[in-house]
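In what follows, a structure is listed as structure tokens, so that the remarks can point back to it.
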Amino acid sequence: MTDLESGRNTRARILAARLFSSRWLLAAGVVSVFIAYAFGDISAYVLVPALLLLVAAAMLPAAVPSETPQRALAIEAIGLQRLSGEYLAAAVADPLIIFDRAGTIVHANAAAFAAFGGIAPGMSLSLKFRAPEMQALLDGILSGDVASDAVDYLEKLPVERAYRVSASSVGHGTDLYVLVFKDQSEARRIDRMRADFIANASHELRTPLASIAGFIETLRGPARNDPAAREQFLQIMHSQTSRMARLIDDLLSLSRLEMKPYLKPGTTVDLRRILESVIDSLGPLARDTNVVIDRDFADGPLEVPGDGDELFQVFENLLENACKYGQSGGRVVVSIKQSDAGAEPGIDVIIRDFGPGIPEEHIPRITERFYRIDVETSRTQKGTGLGLSIVKHILTRHNARLSIKSEVGNGAAFSVHLPTHG
């Protein structure tokens, strides 16, 4: 059956239903028309249109009675009764507490129980939140001096959380009030990181600039006619400007990585080829530091999804650190192997040095920006303090993991686990 025929059948059924529902009214109308025709000397030309008009009127849809204002108010009241305070509070994702004029908790949603614990209806808010700013907020709302207000509040247990707490009355004449806690912890953490980053970057750039400015002043004064001193100072100034250039390059690399947190799918790289290129590029550095680089590559294909240039940067950074800071061991081993049985399918790249190692307390923080175990040693080795932070960002884009194992006096091993499936 076509859609047209189906629509016609549906309309026919609707019209038939309307005629059936109006059958008694239609019958009364027909009888009235025939009585008028029989006794009123009406023309037959009037009878037929009158009957057709009656049938058409019977098939018209019935009018929907308009709602009275009282009925509309009653329907609204029923709907609001269904939306009780508990249901509304439960729909709020932030911690929310309803309290009365005496400052006693009437209701708290699940988020409030999870955030603060140990709260229950009947408990005094003043006893639960003893901080001066919370006391002032409650006093201002309960006294009626302000209709709504907000303060910053720090909850220290079980973990430190920062909240923006707002208080306001519920409706008019209800004698109920509500506290809503907006968690600001993550925003404040990001603000602190930004402030620390700017301070650290400024410090790292200010130090070489101050050094260069001092040498320029010396060259223009006491060392104006001293060729040996001039050559020495120019060499130091060149070293400092190179350090600033490396720092700026690393900052730009971090910025680019943060702007593209997701890896473009569909590209595959050969880890064996990348590691060979890294070892070749760092050959001069290994010779200068008297370090021998040994290879321990597994057989078979060693391909993973990823960006070749970025992974080159990762392994170049790790191998460069191993040669610089582990040079006292005289040897660095670069290994590529399939993941152990039972682990997530992938390939592990391990760069192991035999230098002084890393104290255990520093390991969790060495991937932070500008974090250094030994500031003087790092600057002597021309480090910017950003290399491992760049490594961490690149590996995050590749869904990869970096693990560090070290023992003081026995060197350090940096392991990169790369999944074989994107």
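The values are calculated or read from the model by the stated rules, or taken from the named source; none is laboratory data. Fair warning: this is a prediction, and the values are worked out from it, not measured in the lab. Glycine also receives a Cβ, built like all others from the backbone with ideal geometry; neighbour counts cover every protein chain displayed.
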Is it the case, given these coordinates, that Asn290 is surrounded by 15 or more Cβ atoms within 10 Å (Cβ to Cβ) and polar (S, T, N, Q)?
no
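The rows are residues; the columns are (1) aromatic (Phe, Trp, Tyr); (2) on the phi < 0 side of the Ramachandran plot; (3) at pLDDT below 80.
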site	(1), (2), (3)
Arg188	no, yes, no
Phe197	yes, yes, yes
Gln232	no, yes, no
Arg246	no, yes, yes
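Quick grid of which residues meet (1) over 12 Å from Val180 (Cα atoms); (2) of a type in the set (D, E, K, R):
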| position | (1), (2) |
| --- | --- |
| Ala108 | no, no |
| Ala114 | yes, no |
| Gly118 | yes, no |
| Gly122 | yes, no |
| Lys128 | yes, yes |
| Glu133 | yes, yes |
| Val151 | no, no |
Of the residues Glu133, Glu155, which is at pLDDT 85 or above and touching a strand residue (DSSP E or B) at 6+ places or on another chain (Cβ under 6 Å)?
Glu133
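Ser185: of a type in the set (Ser, Thr, Tyr) and surrounded by fewer than 14 Cβ atoms within 10 Å (Cβ to Cβ), yes or no? Walk me through it before giving the result.
Working: of a type in the set (Ser, Thr, Tyr): yes; surrounded by fewer than 14 Cβ atoms within 10 Å (Cβ to Cβ): no.
The answer is no for Ser185.
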Do you know which residues across the range 206-248 are acidic (Asp, Glu) and surrounded by fewer than 12 Cβ atoms within 10 Å (Cβ to Cβ)?
Glu217, Glu231
Cβ pairs under 8 Å, 6+ apart or interchain, first in the range 227-251 and in contact (Cβ under 8 Å) with a residue 40 or more places away in the chain, second part of a helix (DSSP H, G or I) and among the hydrophobic types (A, V, I, L, M, F, W, C), ordered by first then second residue, are Leu247/Ala201; Leu247/Leu205; Asp250/Ile390; Leu251/Ala201
Per the filter on the range 176-197, residues among the hydrophobic types (A, V, I, L, M, F, W, C) and over 29 Å from Gly144 (Cβ atoms) are Ala187, Ile190, Met193, Ala195, Phe197
Looking at the range 185-194, is at least one residue touching a Leu at 6+ places or on another chain (Cβ under 8 Å) and either more than 30 Å from Ala111 (Cα to Cα) or in contact (Cβ under 8 Å) with a residue 12 or more places away in the chain (or both)?
no
